[in-house]
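Colleague: Supplied in structure tokens, the structure appears directly below.
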Amino acid sequence: MCQNSSLGPNCSLGPLVLNPMLALSIRCSSHDFWTDQQKTNDWISALAERSWRDLQHRYGEGDTSLEYLQGLCLLAQVDFADGRVQRAHTQISLGVRIAQSLGYLSEPTGTGNQERSEEVIRCTWTLFMLDRTFSITRLVSPSQPYQAYQLPKPTWEGALLLDKFRRGAKQDSSSKIDPLSNEQDLSALLVGVYSLWDDAIRYVFQTTNKSDMPPWHPTSDLATIEYRFADFEPEFSTHRYREVDFPRRAIQEPHLRPYFASWLCFQLAYMSIQCCIHHPFIMFIKLQHVIRKVPPSFLQKSYKSSLIHSRWIIRFLDEMDEAGMMLHDPFIGYLTAIAATIQLEHTLSKHTDVAAAATLSFRSAIRYLKKLSKYWNSIAELLGIVEELAARLRHRHTLYYSQDDYDGILPVVESERVGLAGDDMSLMWKVFDYASMSALNGKSPRSNLNKANAGQDTGDLTSQPRGQTGPPNNISSLPATESNWGNMPSNIPPTGLEFPNMEGPQAGLEQPNLSLFDQIPEDWAFTIDDWTLFGAPGSTYFYNEAS
């Protein structure tokens, strides 16, 4: 949001920017002064309220300068994370309108101070990204569509470029080296991936379906997102995983960590789009109007996309640990929780390699969420929801699957069809509804395990289909809610589906085991029952018209 030149030793920030910046950052500080949690919370509360009064005073005077917008962006993040979601939404909507009225959303027409123009660009795009982040909910949509933002993309300063040669060229104004194009500039790519979230948010939270068009139709909303996603990929060829050599360079070249922090945010946000649109829960919601016509090949693609992209998210988090880095952004915690619920589903896979790898991935996600929950109460709430889903899956009385000779088209034996338990749907929507999850922030009582199981006992789920037997319960030894998922050992052999020694040594947490990551199986003969939701195979949800 600011250039380095604005934050240097000879520069100072006014209280309008400094106070909300401190309120946002001191909770993650390792300084001895902030070891007392109560004192830290008191300071955060005082700084946030002081910032709010200062912004009100400036607005009352008609001063909506760049400094005002910068303070607005910072305080909105504090408010959103601490449960004051409505105030955060109001601030960002106001900021976007102010930026629009000042002409910041359009291409500049005059010449002014170049450095200040760059800060205006950065602040405007910050409003754009926060507007998308805060709109991940069923209740609020972005203030302006991404097409309304016609201003130039922001550019990195030399210190944040990955390539040493270009970094030197960037700092040398007399250099004849062509600068990186906007398409390959990481800051511009961050903006680009957030523009993809516009369509993804609208698709996930769309409450009505005005047409009978199936998601696999080439003109469907899902097809549009897939096209934009694939079309965007060539734009970051210089920032691919193999090109940047992460985490080795982050370990051996510490001065590159600012780059890798932004690179991780970009990669996680980009991968999460596929996790959202192909999440088994969202896919089931979007297929209900065509539930008798779902092609197994469509489910196969969805299955693989959610599995692979969620595994990459967990791998990035594990390698971030290996590099000794930590992302404190609660939005990253939200993305991690979505990936974790996908991996949780795969712990029940009948393919042992998938189930074993999913167990490791889910454990890694829980470990990261536990770290992040120390700083953000909303992430502690989110962690509790994910653990409750794991507990419900563990205690589910009926697990569905078809027999091994099932051909992927029709059930071997006609079975009763199942819906989703109301509690399951409610919990899963809480995971996806980022704004509502932040608004809870300790205000909602946690339901106990007995209540979580009440839905199955009272018939929310149908009984086991006739002629079918339950598969081995791969999570039969998982701990219940409030358990130590993150403390599980990291060396579980890939051949076993049981999870012994759940209370593993704490020392193992610092060395994530990536040995199973690359063991995604080769293409097996996919059947509709490889796709699962809440432990029930696809044949219990989707069935052919003839059945």
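The values are calculated or read from the model by the stated rules, or taken from the named source; none is laboratory data. Given the structure is predicted, the values throughout are model-derived calculations rather than measurements. All Cβ positions, glycine included, derive from the backbone under ideal geometry; neighbour counts span all protein chains shown. The accessibility values were calculated without ligands, DNA or RNA, using every heavy atom of the protein model including side chains. Shrake-Rupley method; radii C 1.70, N 1.55, O 1.52, S 1.80 Å.
Colleague: Given (1) outside any helix (DSSP H, G or I); (2) more than 30 Å from residue 375 (Cα to Cα), identify the lone condition not met by residue 97.
Modeller: Of the numbered conditions (1) outside any helix (DSSP H, G or I); (2) more than 30 Å from residue 375 (Cα to Cα), the odd one out for residue 97 is (1).
Colleague: When the stretch 186-242 is examined, which residues are found to be of a type in the set (Gly, Ala, Ser) and closer than 22 Å to residue 124 by Cα? Quick ask: steps written out before the conclusion?
Modeller: Residues of the stretch 186-242 that are of a type in the set (Gly, Ala, Ser), as a first pass: 187-188, 192, 195, 200, 211, 220, 223, 230, 237.
187, 188, 192, 195, 200 - these are the residues of the stretch 186-242 that are of a type in the set (Gly, Ala, Ser) and closer than 22 Å to residue 124 by Cα.
Colleague: Looking at 300, 343, 288, which is the one that is open to solvent by less than 20 Å² (accessible area, probe 1.4 Å), part of a helix (DSSP H, G or I) and within 22 Å of residue 529 (Cβ to Cβ)? Explain how you work it out, then say what you get.
Modeller: Details: 300 fails: open to solvent by less than 20 Å² (accessible area, probe 1.4 Å); 288 fails: open to solvent by less than 20 Å² (accessible area, probe 1.4 Å).
Every option except 343 fails the conditions.
Colleague: Here are some conditions: (1) open to solvent by 40 Å² or more (accessible area, probe 1.4 Å); (2) at pLDDT below 90. Residue 245 meets all but one. Which one does it not meet?
Modeller: Every listed condition holds for residue 245 apart from (2).
Colleague: Quick check on the stretch 214-234. Is at least one of its residues within 21 Å of residue 327 (Cα to Cα) and either out of contact with any strand residue (DSSP E or B) (no Cβ under 9 Å at 6 or more places or on another chain) or surrounded by 20 or more Cβ atoms within 10 Å (Cβ to Cβ) (or both)? Let's see the steps before the verdict.
Modeller: To start, the set of residues in the stretch 214-234 that are within 21 Å of residue 327 (Cα to Cα) comprises none.
No, the stretch 214-234 contains no residue that is within 21 Å of residue 327 (Cα to Cα) and either out of contact with any strand residue (DSSP E or B) (no Cβ under 9 Å at 6 or more places or on another chain) or surrounded by 20 or more Cβ atoms within 10 Å (Cβ to Cβ) (or both).
Colleague: Filter the stretch 366-376 down to residues that are of a type in the set (Phe, Trp, Tyr) and modelled with pLDDT under 95 and give me whichever is surrounded by the most Cβ atoms within 10 Å (Cβ to Cβ).
Modeller: Taking the stretch 366-376 and keeping what is of a type in the set (Phe, Trp, Tyr), we get 368, 375-376.
Applying the additional criterion that residues be modelled with pLDDT under 95 yields 375-376.
On the way: 375: 18, 376: 21.
The qualifying residue surrounded by the most Cβ atoms within 10 Å (Cβ to Cβ) is 376.
Colleague: Condition first: within 18 Å of residue 102 (Cα to Cα) and open to solvent by 70 Å² or more (accessible area, probe 1.4 Å). Can you find one or more residues in the stretch 36-59 that meet it?
Modeller: Checked the stretch 36-59: at least one residue is within 18 Å of residue 102 (Cα to Cα) and open to solvent by 70 Å² or more (accessible area, probe 1.4 Å).
Colleague: Any chance you could count how many residues in the stretch 207-264 are in a loop (DSSP other than H, G, I, E, B), under 26 Å from residue 302 (Cβ atoms) and among the aromatic types (Phe, Trp, Tyr)? Before the answer, list the steps.
Modeller: Let us first name the residues in the stretch 207-264 that are in a loop (DSSP other than H, G, I, E, B), namely 207-220, 240, 245-247, 253.
Of the ones still in play, those that are also under 26 Å from residue 302 (Cβ atoms) are 207-220, 240.
Checking the rest, the ones that are also among the aromatic types (Phe, Trp, Tyr) come to 216.
Looking only at that region, the number is 1.
Colleague: Okay, moving on. Select from the stretch 346-365 the residues that are touching a helix residue (DSSP H, G or I) at 6+ places or on another chain (Cβ under 6 Å) and surrounded by fewer than 24 Cβ atoms within 10 Å (Cβ to Cβ) and write down the one among them that is farthest from residue 318 (Cα to Cα).
Modeller: The extreme case among them is 349.
Colleague: Looking only at residues in the stretch 319-335 that are outside any helix (DSSP H, G or I) and either within 10 Å of the chain's Cα centre (by Cα) or of a type in the set (Gly, Ala, Ser) (or both), which one is surrounded by the fewest Cβ atoms within 10 Å (Cβ to Cβ)?
Modeller: Per the stated criteria, the residue is 324.
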